[in-house]
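K.L.:
Have a look at this one.
The values are calculated or read from the model by the stated rules, or taken from the named source; none is laboratory data. None of these values were measured; they are calculated from a predicted model. With ideal geometry, Cβ positions are generated from the backbone for all residues, glycine too; neighbour counts draw on all protein chains shown.
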């Protein structure tokens with residue numbers, strides 16, 4: 001910061017591809033703060049380090065950082081990181097921003113809000129990382145040629161190029177996946193569409209120098225470094241046509257997802273039996289056994305690091321330690337959030353909550369309340385909520401779940417994250433989004449796949465989250481997940497007649 005003459009510096013969790021779930025070796029924010037959550041950036045000031053985290057990570061951040069060095073800024077539902085960041089930067093100060101780790105859209109937003117920006121090419125906490133592309137496989141799907149034709153027809157004629165820098169979009173465009181490591185099926189690289197053909201690029205420098213026509217880019221996915229490199233050749237896409245195409249799954253992709261979730265259900269059912277039939281098992285034991293079950297049912301890899309959290313740990317929405325020291329006892333509640341990749345490289349995602357032995361009345365009350373939130377949101381298109389169908393937005397689903405909780409509130413328990421997210425090549429994709437954010441005010445179209453996952457948490461007791469991955473078909477929400485709910489955790493006296501009827505759909509396993 002002294003060398004660059006900046007008193008304020010933005011330090012990111014993303015890598016040069018702007019990947020949300022980057023490995024910790026690529027995560028400068030982790031190296032600086034020891035906070036290991038998937039999202040959350042840092043502002044370094046002359047006298048403080050501010051770590052901004054959303055509701056999923058409030059407790060985890062408190063547990064992982066040194067509070068003598070790091071101040072945790074706990075974003076509340078509806079607050080945005082950038083708005084709170086701006087409040088902490090004096091008007092005439094310059095903010096250092098690593099141009100390879102921030103989108104052009106973010107940089108422009110900060111400038112529009114009056115923040116003076118100095119773009120920095122290199123992050124001193126970066127390490128040289130070799131990307132291994134030797135394990136890339138081809139998957140079925142709409143042909144690359146057909147995708148390119150559709151995209152080019154929507155954007156421009158043959159006199160221009162379209163640069164693709166988002167890894168999910170590159171992987172989707174070329175029908176390629178990389179299963180060489182856990183928690184990702186994406187290939188590494190960028191791509192250009194030109195003259196009716198697509199070409200993979202490791203680095204765009206040579207292409208930009210040699211090409212003299214317009215280059216279409218998406219400001220939300222291109223980093224500021226690449227955008228500056230393109231300069232006045234850049235033409236701006238209003239929205240990425242690949243993102244929209246990728247979000248609406250084909251019938252074949254839906255069919256694959258149905259099969260993948262059958263296997264996911266079986267793996268989760270097996271781990272429920274493992275918990276029921278074994279004593280003196282730890283979070284770590286369960287996580288190890290769960291991965292074995294996924295592999296037994298054909299998984300190529302996990303789609304994210306499994307969350308296995310007992311008792312108070314389950315109140316950490318994205319708890320990731322899976323400790324050998326956390327042993328289940330009689331009455332222990334355990335939350336399991338997990339998923340896997342199968343041969344098509346689409347991420348599955350499910351959360352279930354179990355109890356060892358008999359549950360307490362509080363466990364039953366919280367579990368049943370979360371179940372009510374899910375059932376009402378899930379059935380919003382089924383006639384139970386005035387038959388809402390046309391133009392349904394994730395914003396509306398989120399609002400309904402919160403309304404149900406407001407009618408059944410439990411003292412000390414909070415619902416402090418969005419209701420759900422899109423799924424696909426990555427376990428978190430957009431569109432759609434189910435939350436209180438403006439980005440959720442987008443129609444959930446037929447073929448879009450997403451989670452519905454209400455949760456209630458109290459750090460002094462436990463947390464309950466129940467998550468089904470779903471898809472929209474003919475204006476109706478359908479669940480990929482068929483895994484049932486734990487009858488011993490349900491207080492049926494708290495369910496309405498309609499909710500009991502809805503619950504019958506999930507009595508398969």
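K.L.:
Quick check on residue 265: is it more than 30 Å from residue 99 (Cα to Cα), assigned by TED's automatic domain parsing to the domain that holds residue 466, out of contact with any strand residue (DSSP E or B) (no Cβ under 8 Å at 6 or more places or on another chain) and in a helix (DSSP H, G or I)?
P.N.:
When the stated conditions are applied, residue 265 does not pass them.
K.L.:
In a loop (DSSP other than H, G, I, E, B) and more than 27 Å from the chain's Cα centre (by Cα), is that true of residue 212?
P.N.:
It is true that residue 212 is in a loop (DSSP other than H, G, I, E, B) and more than 27 Å from the chain's Cα centre (by Cα).
K.L.:
With farther than 25 Å from residue 259 by Cβ and outside any helix (DSSP H, G or I) as the only criterion, which of 337, 325, 398 stands out?
P.N.:
The conditions single out 325.
K.L.:
When the residues of the stretch 287-307 are narrowed to those that are out of contact with any helix residue (DSSP H, G or I) (no Cβ under 7 Å at 6 or more places or on another chain) and in a strand (DSSP E or B), which ends up surrounded by the most Cβ atoms within 10 Å (Cβ to Cβ)?
P.N.:
307
K.L.:
Considering only the stretch 455-466, state which residues are within 13 Å of residue 55 (Cβ to Cβ) and in a loop (DSSP other than H, G, I, E, B).
P.N.:
Passing the criteria: only 459.
K.L.:
Sort through 405, 430 and tell me the only one that's more than 13 Å from the chain's Cα centre (by Cα) and not in a loop (DSSP other than H, G, I, E, B).
P.N.:
The unique qualifying residue is 405.
K.L.:
Scan the stretch 308-315 and tell me whether some residue there is over 21 Å from residue 37 (Cα atoms) and either in contact with a helix residue (DSSP H, G or I) (Cβ under 9 Å, 6 or more places away or on another chain) or assigned by TED's automatic domain parsing to the domain that holds residue 273 (or both).
P.N.:
No, the conditions are met nowhere in the stretch 308-315.
K.L.:
Considering only the stretch 472-480, I want to know if a residue exists there that is part of a helix (DSSP H, G or I), touching a residue at least 40 places away in the same chain (Cβ under 8 Å) and either farther than 21 Å from residue 410 by Cβ or out of contact with any helix residue (DSSP H, G or I) (no Cβ under 8 Å at 6 or more places or on another chain) (or both).
P.N.:
no
K.L.:
Filter the stretch 24-66 down to the residues that are in a loop (DSSP other than H, G, I, E, B) and free of Cβ contacts under 8 Å to residues at least 24 places away in the same chain and list them by number. Please lay out each step first, then the result.
P.N.:
Step one: list which residues in the stretch 24-66 are in a loop (DSSP other than H, G, I, E, B), which gives 27, 34-41, 45-48, 54, 65-66.
Result: 27, 47, 48.
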